[in-house]
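**Q** Pasting in a structure now, in structure tokens, and then I'll have a few things to ask.
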Amino acid sequence: MRYLFLILALAVPLVPLQVHAVQPTDIVYMTEDYPPENYLENGRLKGYAVDILRAVWKEMGYSEQPIQVLPWARGYLMVQERPNHMLFAMAKTPERLGLFKWVGPIYYAKINLFSLSEKRLKVESLEEARHFRVGVLRKDICETMLKEAGFTERTVFKVNTLEQLLRMLKADHIDMMCTTETSIKSKIARDGSLVGKYTPVAFVGETNVYYAFNKGTDDEIVAEFQGALTAINTERKRIIRRYHLQE
């Protein structure tokens, strides 16, 4: 009888397990409120990184997908810990290189320290700026760049949103804030009362920004996203110009 069971077992054909391939609809998309890359306006998510992603979905043959808007630090933690999550727009640095899978570049970011123009702060170098109180977003590229430039926890103040940075600067809780040149220009374009309010006092650095996927994401889906982004390059440039940015 034992041999009969063995023969029957061997006679049963092996049926391969059906593994569900990851689709763009399976990805959880996350971003922050940080113009002009991504921002909320009258309840609608806008920004060049958002519009480019929508064009990528269309190129791939998919409809628009939901996008969660979160504080950057929370999204940064989630995309590292949770499979099939994606966060944008993220600066690609040597420190972050092995933490994610990357699609891009989308655009580039020029990063400065800004002060209120009325303060008339004079800073000759980034090294000299280390003596001032500087505000940054938690887990943002500014935090990394300033740390590499020798800034310490004693003078670097971390918050969750760009709006908090602006309020801290206005309330004189910090002397400068670290952000991108495009974010300041975008704020001014949307609020004319801010014209002339901010002055760049020191250049911090420049980097490209990307869509960052959890490193466990299937290589095939990441390659599909990259291929679609490459295919819509003309449209990407058109979107960049629509936000009054230069390629």
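The values are calculated or read from the model by the stated rules, or taken from the named source; none is laboratory data. All values reported here derive from a predicted model rather than from experimental measurement. As a convention, Cβ positions derive from the backbone with ideal geometry for all residues, glycine included, and neighbour counts pool all protein chains shown.
**Q** Please state which of the following conditions Pro71 fails to meet, knowing it meets all the rest: (1) touching a residue at least 60 places away in the same chain (Cβ under 8 Å); (2) out of contact with any strand residue (DSSP E or B) (no Cβ under 8 Å at 6 or more places or on another chain); (3) within 24 Å of Asp218 (Cα to Cα).
**A** It fails just one condition, (3).
**Q** Taking the condition of being touching a helix residue (DSSP H, G or I) at 6+ places or on another chain (Cβ under 8 Å), surrounded by 15 or more Cβ atoms within 10 Å (Cβ to Cβ), hydrophobic (A, V, I, L, M, F, W, C) and under 10 Å from Asn112 (Cβ atoms), how many residues in segment 169-214 meet it?
**A** Residues in segment 169-214 being touching a helix residue (DSSP H, G or I) at 6+ places or on another chain (Cβ under 8 Å), surrounded by 15 or more Cβ atoms within 10 Å (Cβ to Cβ), hydrophobic (A, V, I, L, M, F, W, C) and under 10 Å from Asn112 (Cβ atoms): 6 in total.
**Q** Please indicate, with yes or no, whether at least one residue in segment 223-236 is in a loop (DSSP other than H, G, I, E, B), among the basic types (Lys, Arg) and at pLDDT 95 or above.
**A** Filtering segment 223-236 down to residues in a loop (DSSP other than H, G, I, E, B) leaves 232.
Of the ones still in play, those that are also among the basic types (Lys, Arg) are none.
Looking for residues that are in a loop (DSSP other than H, G, I, E, B), among the basic types (Lys, Arg) and at pLDDT 95 or above, one finds none in segment 223-236, hence no.
**Q** Moving on. Check whether at least one residue in segment 185-196 is of a type in the set (Ser, Thr, Tyr) and not assigned by TED's automatic domain parsing to the domain that holds Ala55, and report yes or no.
**A** Yes, that holds for at least one residue.
**Q** For segment 17-42, which positions are out of contact with any helix residue (DSSP H, G or I) (no Cβ under 9 Å at 6 or more places or on another chain), of a type outside the set (Val, Ile, Thr) and modelled with pLDDT of 90 or more?
**A** Within segment 17-42, Leu40, Asn42 meet the criteria.
**Q** Moving on. Considering only segment 219-235, how many residues are farther than 17 Å from Gly61 by Cα and surrounded by 16 or more Cβ atoms within 10 Å (Cβ to Cβ)?
**A** Looking only at that region, the number is 0.
**Q** If I go through segment 144-163 residue by residue, how many of them are over 15 Å from Leu113 (Cβ atoms) and surrounded by fewer than 14 Cβ atoms within 10 Å (Cβ to Cβ)?
**A** Total meeting the criteria: 4.
**Q** Can I ask one more? Would you mind stating whether Leu194 is closer than 16 Å to Pro35 by Cβ and touching a strand residue (DSSP E or B) at 6+ places or on another chain (Cβ under 8 Å)?
**A** Taking the combined requirement at face value, the residue does not satisfy it.
**Q** Given (1) buried (at least 19 other Cβ atoms within 10 Å of the Cβ); (2) at pLDDT below 95, identify the lone condition not met by Glu247.
**A** For Glu247, the failing item is (1).
**Q** In segment 110-215, which helices (runs of 4 or more DSSP H) lie fully inside it and hold 3 or more residues that are touching a residue at least 24 places away in the same chain (Cβ under 8 Å) and basic (Lys, Arg)?
**A** Correct list: 181-190.
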